[in-house]
1. Mind listing just one residue for me: the one in the stretch 31-41 that is open to solvent by 70 Å² or more (accessible area, probe 1.4 Å) and in contact (Cβ under 8 Å) with a residue 12 or more places away in the chain and, of those, nearest to Ser104 (Cα to Cα)?
2. State the number of residues belonging to the stretch 42-67 that are buried (at least 19 other Cβ atoms within 10 Å of the Cβ) and touching a residue at least 40 places away in the same chain (Cβ under 8 Å).
3. Kindly indicate whether any position in the stretch 100-111 is part of a helix (DSSP H, G or I) and either at pLDDT 95 or above or under 15 Å from Gln40 (Cα atoms) (or both).
4. Among the listed residues Ala83, Ala91, identify the single one that is closer than 14 Å to Thr45 by Cβ, touching a residue at least 40 places away in the same chain (Cβ under 8 Å), aliphatic (A, V, I, L, M) and surrounded by 13 or more Cβ atoms within 10 Å (Cβ to Cβ).
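The values are calculated or read from the model by the stated rules, or taken from the named source; none is laboratory data. This is a predicted model, so every value here is computed, not measured. When we count neighbours, we look across all protein chains shown, and the Cβ atoms used for this are built from the backbone with ideal geometry, even at glycine. Heads up: the accessible areas ignore ligands, DNA and RNA and are worked out on the full protein's heavy atoms, side chains in. Shrake-Rupley method; radii C 1.70, N 1.55, O 1.52, S 1.80 Å.
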Amino acid sequence: MVTISEMRDAWTSKRKSFMVASPSEPTVLHRKGHVKEAVQSGFITAVVAGAVAAVPTLVGCRVIPWAKANLNYTAQALIISSASVAGFFIAADRRILESARGNSLEKFEKST
């Protein structure tokens, strides 16, 4: 049977270092302003997605009998907000991945 101290020693010996970057230390994305661009892009996309989702949702709830009977105001708000949130995260993630790809290509070109 393995004792707790043996498990602890085995786990700590495999671990390299517990150094984690501080949130106050700027990363490559923060220094170049990529995060701000990602948030701006995500916000614009969220506004557009919310407007695009709001029109058919609200019209459908006034015209379609099933939607009129089953979709209350909370359901309508959830449909519209889910489109906005999804638009935000998709656009922001795309922008951050583009900047990360660019950073990795820059590092590769500098090394060669």
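1. Among those residues, the one meeting the criterion is Lys32.
2. Summing the residues that are buried (at least 19 other Cβ atoms within 10 Å of the Cβ) and touching a residue at least 40 places away in the same chain (Cβ under 8 Å) in the stretch 42-67 gives 3.
3. Residues of the stretch 100-111 part of a helix (DSSP H, G or I): 100-111.
Going one step further and asking which of them are either at pLDDT 95 or above or under 15 Å from Gln40 (Cα atoms) (or both), we end up with none.
Checked against the condition, which is being part of a helix (DSSP H, G or I) and either at pLDDT 95 or above or under 15 Å from Gln40 (Cα atoms) (or both), the stretch 100-111 yields no hits at all.
4. Values: Ala83 fails: touching a residue at least 40 places away in the same chain (Cβ under 8 Å).
The match here is Ala91.
Each row is one residue, and each column tells you yes or no for (1) modelled with pLDDT of 95 or more; (2) in a loop (DSSP other than H, G, I, E, B).
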position	(1), (2)
Ser17	no, yes
Val20	no, yes
Pro26	no, yes
Ala38	no, no
Val48	yes, no
Ala67	no, no
Val85	yes, no
Phe88	yes, no
Asp93	no, no
